[in-house]
Amino acid sequence: MRARLATGNRHKLDEFRRALPDWEIELVETTSYPPETGSTYVANARGKAEHGRLHSPGDAWVVGEDSGIEAMGLKGGPGLESARWAADGVARLLEELDGVGDRRARYVCTIVAIGPEGQEVVVEGTLEGAVVSERSGNEGFGYDPIFVPEGETHTVADLGDAWKASNSHRARATRALAAALQRSGSSRGGR
Ligand code: IMP
């Protein structure tokens, strides 16, 4: 299966490739994505996929992805704003959660894939966990140094890229995408 990923985030490309080792995934050849103004992850992921569609071969599946971290103690924030709410999102999250008892959080990853005939597949993956107060670990990106998944004792940045490839919100969403395309008989071909 060959697909084009509509993202400017190199980490996401690496994670898609690790999670779907049988796929040939290339970046959409554009850097000028429109601003993420949607009020849902689906709307933002669709915006990226539709933009990617314009810059991809007609017979390619184009994959748009939007993700974020939702802290229960911040009423689900920063959520959709995770990439934009601060120059250093980790520092701000630690600051906002200082003194907050409820440290539960979850990662969300929503994928909108658009096929050669304009058909659309929407899938989501989540990862429950908690935000810890000190950074730890060097792998992953974004909030990974302060996010400990449920059932684990280390941060995602400590657990590492191989762990993410099987267990992350993004890995779960990509598996759901592969299963959906398999069911629809679309998992052959594409460019
Ligand atoms: P966007 O999908 O480009 O809007 O960016 C989502 C933002 O959410 C990223 O810039 C990160 O701050 C955060 N995020 C999404 N997925 C992850 C992840 O796997 N690890 C850590 N942070 C993430």
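Any read-out appearing in this document is the output of simple, stated calculations on the displayed coordinates, not a laboratory observation. If you're wondering where the values come from, they're calculated on a predicted model, not measured in any experiment. Quick reminder, even Gly has a Cβ in these numbers, built from the backbone with ideal geometry, and neighbours come from all protein chains shown.
Annotation: the residues ILE114, ILE69, sorted from fewest to most other C-beta atoms within 10 Å of their own C-beta, follow the order ILE114, ILE69. Each label point was placed 7 Å from the Cα along the Cα-to-Cβ direction; for ARG2 and HIS55 their separation is 1.9 nm. Say we join alpha carbon atoms closer than 10 Å with springs in a Gaussian network model of the chain; which of ARG84, ARG106, ARG172 then has the biggest fluctuation? Looking only at ARG84, ARG106, ARG172, the biggest GNM fluctuation is shown by ARG84. Evaluate the Debye formula for the stretch 2-188 with equal point scatterers sitting on the alpha carbons, no solvent, and hand back log10 of I(q)/I(0) at q = 0.11 Å⁻¹, in q order, two decimals. Here log10 of I(q) over I(0) equals -0.47.
Considering only GLY47, GLY73, GLY64, the Gaussian network model of the chain with Cα springs below 10 Å gives its largest mean-square fluctuation to GLY73. Each of TYR107, TYR33 was scored by other Cβ atoms within 10 Å of its Cβ. Arranged with the fewest first, they read TYR33, TYR107. Entry note, the stretch 2-188: relative contact order of 19 percent, from Cα contacts under 8 Å with a spacing of 6+ residues. Adding -39500 (n - 2.57) for every DSSP H run of four residues or longer, then dividing by how many residues the chain holds, sets the calculated 222 nm ellipticity at -9000 deg cm²/dmol.
The residues LYS12, LYS48, when put in order of fewest to most other Cβ atoms within 10 Å, stand as LYS12, LYS48.
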